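Single-structure report; data block below.
The values are calculated or read from the model by the stated rules, or taken from the named source; none is laboratory data. All of these numbers come straight from a predicted model, not from anything done at the bench. Every residue, glycine as well, gets a Cβ built from its backbone with ideal geometry; the counts of neighbours run over all protein chains shown. When the accessible area is computed, the model is the full protein with side chains, heavy atoms only, and any ligands, DNA or RNA have been set aside. Shrake-Rupley method; radii C 1.70, N 1.55, O 1.52, S 1.80 Å.
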Number of protein chains: 4
Amino acid sequence: MARNIEKDKQMRWERKQHILECALHAIAKKGVGSVEIKDIARESKISVGSVYTYFKSKDDVLKEVVRKGQEEYRIFTKNIAENSDMNSLDKLREICTIWLDLKSNWAYTILLQSVRSNETVHGELRDTVTKRFTRNLEPISAIIREGQANGTIKDGAPLELAFYFVSLIQGLTLQRVPGYEIPVNIDVEGIIQLFAQKTY
Amino acid sequence: MARNIEKDKQMRWERKQHILECALHAIAKKGVGSVEIKDIARESKISVGSVYTYFKSKDDVLKEVVRKGQEEYRIFTKNIAENSDMNSLDKLREICTIWLDLKSNWAYTILLQSVRSNETVHGELRDTVTKRFTRNLEPISAIIREGQANGTIKDGAPLELAFYFVSLIQGLTLQRVPGYEIPVNIDVEGIIQLFAQKTY
Amino acid sequence: MARNIEKDKQMRWERKQHILECALHAIAKKGVGSVEIKDIARESKISVGSVYTYFKSKDDVLKEVVRKGQEEYRIFTKNIAENSDMNSLDKLREICTIWLDLKSNWAYTILLQSVRSNETVHGELRDTVTKRFTRNLEPISAIIREGQANGTIKDGAPLELAFYFVSLIQGLTLQRVPGYEIPVNIDVEGIIQLFAQKTY
Amino acid sequence: MARNIEKDKQMRWERKQHILECALHAIAKKGVGSVEIKDIARESKISVGSVYTYFKSKDDVLKEVVRKGQEEYRIFTKNIAENSDMNSLDKLREICTIWLDLKSNWAYTILLQSVRSNETVHGELRDTVTKRFTRNLEPISAIIREGQANGTIKDGAPLELAFYFVSLIQGLTLQRVPGYEIPVNIDVEGIIQLFAQKTY
DNA sequence: TATGAATGAGTTTTCATTCAT
DNA sequence: AATGAATGAAAACTCATTCAT
């Protein structure tokens with residue numbers, strides 16, 4: 001008779017997360033501007049109507065996907081930055097390797113750019129995204145500061161270097177369009193060496 | 001009579017170029033997937049119908065905008081690469097400075113990303129864009145090879161380094177959304193130093 | 001055992017009445033054409049699915065609400081009309097006062113209008129409503145006839161006067177939208193005097 | 001080549017008015033809550049898309065229909081009220097007769113009630129409608145004051161009497177649902193006599 | 001050529017009804 | 001019985017393209 005309210009809530013949350021993940025893939029395939037609710041529904045293997053059971057509108061889905069992506073990214077970099085078992089360069093290596101490996105990051109990066117540069121997106125969301133991006137530079141910045149202290153990373157303003165590092169990785173990520181890859185090898189070690197302090 | 005036909009052709013060509021420039025800005029503002037013919041018309045200060053006097057379809061406008069942008073970029077980098085009055089690092093400095101300065105590059109970079117990553121864009125165009133992008137790495141690659149030869153630029157596969165250089169600049173460009181800039185300073189010298197060979 | 005079945009039936013009937021009352025308010029708030037099953041469920045503090053446990057369809061709810069309303073109205077006017085302790089004008093006064101006082105009458109009157117004037121409502125229901133309305137004029141008409149006989153109510157076809165009386169009260173009721181009242185005083189005595197015979 | 005801008009504006013305005021008139025009829029047939037843009041388009045003999053060329057949304061159409069209706073009603077009553085060739089009772093007779101004769105008034109009255117009593121309609125519009133309704137009582141009120149001055153109309157607060165008069169006519173109008181009329185004769189003279197001062 | 005209204009195919013969104021739990 | 005998520009048919013709305021002026 002009665003339902004387990006707690007369990008219902010949990011399931012609802014899980015299904016929402018599932019849709020968000022599928023939405024990210026759908027968006028990655030068609031672009032923010034072109035993705036249809038139909039695509040998100042198909043990718044999630046649910047009906048079009050059901051998407052609206054979990055989200056108010058298409059815009060609402062987009063907003064949530066971005067939020068989730070930025071949160072996960074923050075946790076990802078923060079965990080690596082605070083790992084005391086790795087040295088600074090290894091931390092950058094790890095971030096670089098995992099980031100460039102994950103297929104979904106490509107989709108997420110494209111979405112992030114689209115949202116920020118798209119005038120039809122509500123200003124408040126664009127602002128939030130920009131602020132979170134800035135805040136998410138901190139863990140990288142911390143790694144660089146640490147590396148500079150022990151002489152393994154190049155001199156320079158840590159925040160600026162973090163900004164270059166992230167922009168480079170994002171720039172490279174965007175080039176990896178499935179089916180339309182630039183036929184140039186990406187070598188993590190080569191990237192890390194750009195930021196490493198040469199020692200003698 | 002023949003004179004007037006010539007003149008008409010010229011005017012037609014000029015108006016087409018004008019529309020293409022305006023279309024670039026319209027696309028940058030709303031994204032490839034969301035831009036409407038109405039937006040392009042408004043930006044160009046002409047009517048919707050008139051756009052169709054100069055272009056066969058929305059897709060046709062898109063194709064032309066991308067072609068024009070990539071051609072101009074090629075000429076820009078080629079000219080700098082072949083300039084014998086500048087040393088290698090100065091050439092990279094020049095490309096970096098001018099690129100990050102030009103407002104229209106932001107629009108163009110976004111457009112490029114949008115076209116390549118958007119599944120609704122015709123495959124042929126996406127393929128062409130990818131190929132031209134790859135080909136456009138050559139002038140940068142040449143500068144790097146030159147710099148490595150005279151010991152001013154870091155060692156490493158020139159094409160890969162060129163790819164990193166371009167990706168970094170594009171990555172930074174994408175962050176510079178008008179009104180939503182990341183509040184971190186971008187210092188050309190800092191970027192160049194990532195690629196410079198440290199000498200003693 | 002038989003006792004429980006009886007009790008179950010009784011409870012079912014009571015819950016149906018509860019839903020009908022709540023449905024009336026939901027309809028009054030949003031209009032017949034706009035009200036959703038969800039609204040009726042919310043107002044009744046039960047789930048959407050439960051509404052279907054008690055009623056076959058949305059149309060079925062509607063039909064029942066109207067029937068209930070008209071039946072109650074008939075009983076209300078009939079009781080007053082047949083009350084031998086009141087004189088004719090007092091009867092009209094009583095009807096007028098109670099009708100304009102009851103909040104639920106506003107909802108019911110709006111519902112009645114909506115149903116009759118809404119093409120999407122099944123013709124049979126609209127017809128039934130019209131017929132019952134006409135039949136419900138009788139008690140008022142009887143009061144007027146009685147009043148004319150004893151010289152307290154104006155001359156004229158009783159049924160027509162009853163029609164005017166009811167229309168006037170309904171017209172006034174419709175103006176009393178909660179929160180959007182017309183800022184003009186409604187004075188029962190003033191209304192009654194329109195129908196009273198002036199004596200000297 | 002160039003278009004007559006003035007003429008274009010004029011035509012646009014006329015077509016808008018045409019759609020509004022047709023929309024009123026469509027609304028009258030199906031009710032505010034049930035009318036579809038399709039219905040309005042069909043009634044106007046244009047395509048669905050074209051309705052959106054002239055109006056932002058379905059809501060916008062409704063808003064404009066109400067505004068137009070109330071404006072026309074104001075002009076109609078004001079003209080009669082200010083006509084010095086008619087006596088007070090004749091003025092009321094004229095309003096009553098014309099109002100009850102016009103088929104479109106039925107639709108308009110239903111719409112007016114729907115908008116005011118519909119919670120889904122934006123509060124600002126409901127407020128505006130209520131205020132205009134109140135203001136539109138003035139011409140009737142003026143007629144009644146005039147009639148009381150020359151002894152042809154019953155004593156009582158003119159604004160209240162005007163409110164009763166209008167409510168009665170609106171109440172009667174609402175009963176005249178095409179196809180579902182109450183089979184009771186409506187006699188303008190009988191209505192007027194409710195408000196007339198009996199003289200000896 | 002220039003214009004912008006008209007069109008209709010395609011999307012987004014809503015909601016009565018069903019159904020698994 | 002009770003619940004509320006799932007569904008899909010239908011309604012609202014958008015927009016590339018056409019076309020009369």
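Probe 1.4 Å, all protein chains in place: accessible area of residue B:18 in Å², nearest 10?
80
With point charges of +1 on the Cβ of Lys and Arg and -1 on the Cβ of Asp and Glu, referenced to the Cα centre of the range A:48-200, which listed residue (A:89, A:147, A:134) lies farthest in the positive direction of the dipole?
Selected residue: A:134.
Rank these by accessible area, largest first, 1.4 Å probe: D:84, B:167.
D:84, B:167
Using the Cα centre of the range A:59-195 as origin and beta-carbon charges of +1 (Lys, Arg) and -1 (Asp, Glu), tell me which of A:179, A:121, A:166 is placed farthest towards the positive end of the dipole.
Of the listed residues, the answer is A:121.
What is the Rg over Rh value, at two decimals, for the range C:1-86, using alpha-carbon atoms and the Kirkwood definition of Rh?
Here the Rg-to-Rh quotient is 1.10.
Looking for one value pair here: nearest-to-axis residue in chain B (by Cβ) for the rotation onto D, and the distance in whole angstrom.
Axis-proximal residue of B, distance in whole Å: B:49, 4.
Using only Cα atoms, tell me the angle between helix C:58-81 and the longest principal axis of chain C; keep it within 0 to 90° and round to the nearest 10.
It works out to around 30 degrees.
What does the charge dipole of the range B:2-195 about its Cα centre add up to, to the nearest 20 debye, if the Cβ of each Lys and Arg holds +1 and the Cβ of each Asp and Glu holds -1?
Approximately 840 debye in magnitude.
I'd like to check one number: the per residue accessible area of the range D:59-195, probe 1.4 Å, reported in Å² as a whole number.
Accessible area per residue, the range D:59-195: 40 Å².
Please go through the range A:12-46 and write out the trypsin sites (Lys or Arg not before Pro) that DSSP classes as loop and that have at most 14 other C-beta atoms within 10 Å.
Here the trypsin sites (Lys or Arg not before Pro) that fit, given the DSSP loop and packing criteria, are A:45.
Quick one: accessible surface of residue C:11, probe radius 1.4 Å, all protein chains present, in square angstrom to the nearest 10.
About 80 Å², ignoring ligands and nucleic acids.
What is the interface area between chains B and A, defined as buried accessible area summed over both chains with a 1.4 Å probe, reported in Å² to the nearest 100?
Chain pair B/A: roughly 4400 Å² of buried accessible area.
Taking the Cα centre as origin and putting +1 on Lys and Arg beta-carbons and -1 on Asp and Glu beta-carbons, what dipole magnitude results for the range B:134-182, to the nearest 20 debye?
60
Quick one: with label points 7 Å out along Cα→Cβ, list the inter-copy distances for residue D:82 in nm, shortest first?
Between copies, matching label points for residue D:82 lie 5.6, 7.8, 8.1 nm apart.
Can you tell which of C:22, D:47, B:77 lies farthest toward the positive end of the dipole of the protein assembly as shown, using +1 and -1 charges on the Cβ of basic and acidic side chains (Lys, Arg; Asp, Glu)?
D:47
Scan around residue B:196 for amide H atoms under 5 Å from its own, H built in the peptide plane at 1.01 Å from N, and keep only partners 5 or more places away or cross-chain.
Correct list: B:154.
Over chain B, how many percent of alpha carbon pairs lie in each 10 Å bin up to the one with the longest distance?
Histogram of Cα-Cα distances, whole percents per bin: 8, 31, 30, 20, 9, 2, 0, 0.
Give the distance, in whole Å, between the Cα centre of the range C:81-100 and the Cα centre of the range C:45-75.
With the range C:81-100 and the range C:45-75 each reduced to a Cα centre, they are spaced 30 Å.
Compute the angle between helix A:158-175 and the longest alpha-carbon principal axis of chain A, please, reported from 0 to 90 degrees and rounded to the nearest 10.
60
To the nearest 10 square angstrom, how much accessible area does residue D:47 have with a 1.4 angstrom probe?
The accessible area of residue D:47 comes to roughly 60 Å².
Return the carbon/sulfur percentage of the accessible area of the range A:59-195, one whole number, probe 1.4 Å, all protein chains in place.
Answer for the range A:59-195: carbon and sulfur cover 50 percent of the accessible area.
Name the residues whose placed amide hydrogens come within less than 5 Å of the amide hydrogen of residue C:182, ignoring near sequence neighbours (fewer than 5 apart) on the same chain.
When sequence neighbours closer than 5 places are left aside, the close amide H contacts are C:177.
Put a point 7 Å out from Cα along the line to Cβ at residue B:197; what are the distances to that point in the other copies, in nm, shortest first?
2.3, 11.4, 12.3
Report, in whole Å, the centroid distance computed from the Cα atoms of the range A:139-200 and the range B:133-200.
Going from one Cα centre to the other spans 12 Å.
Please compute the contact order of chain B in relative form: average sequence separation of alpha-carbon pairs under 8 Å and at least six residues apart, divided by the residue count, as a percent.
The normalised contact order for chain B reaches 22 percent.
Kindly provide the helix-only [θ] at 222 nm of chain A, computed as the sum of -39,500 (n - 2.57) over DSSP H runs of four or more divided by all residues, to the nearest 500 deg cm²/dmol?
-24000 deg cm²/dmol
Nearest 10 degrees, 0 to 90: what angle lies between the long axis of helix C:123-135 and the longest principal axis of chain C (Cα atoms)?
30
Note the distances from residue C:9 to each other copy's matching label point, with points 7 Å along the Cα-to-beta-carbon direction, in nm, sorted shortest first.
Relative to the other copies, residue C:9 has label-point distances of 4.3, 7.4, 9.6 nm.
Quick one: compute the contact order of the range D:1-116, relative version, from alpha carbon pairs under 8 angstrom and 6+ residues apart, as a percent.
It rounds to 33 percent for the range D:1-116.
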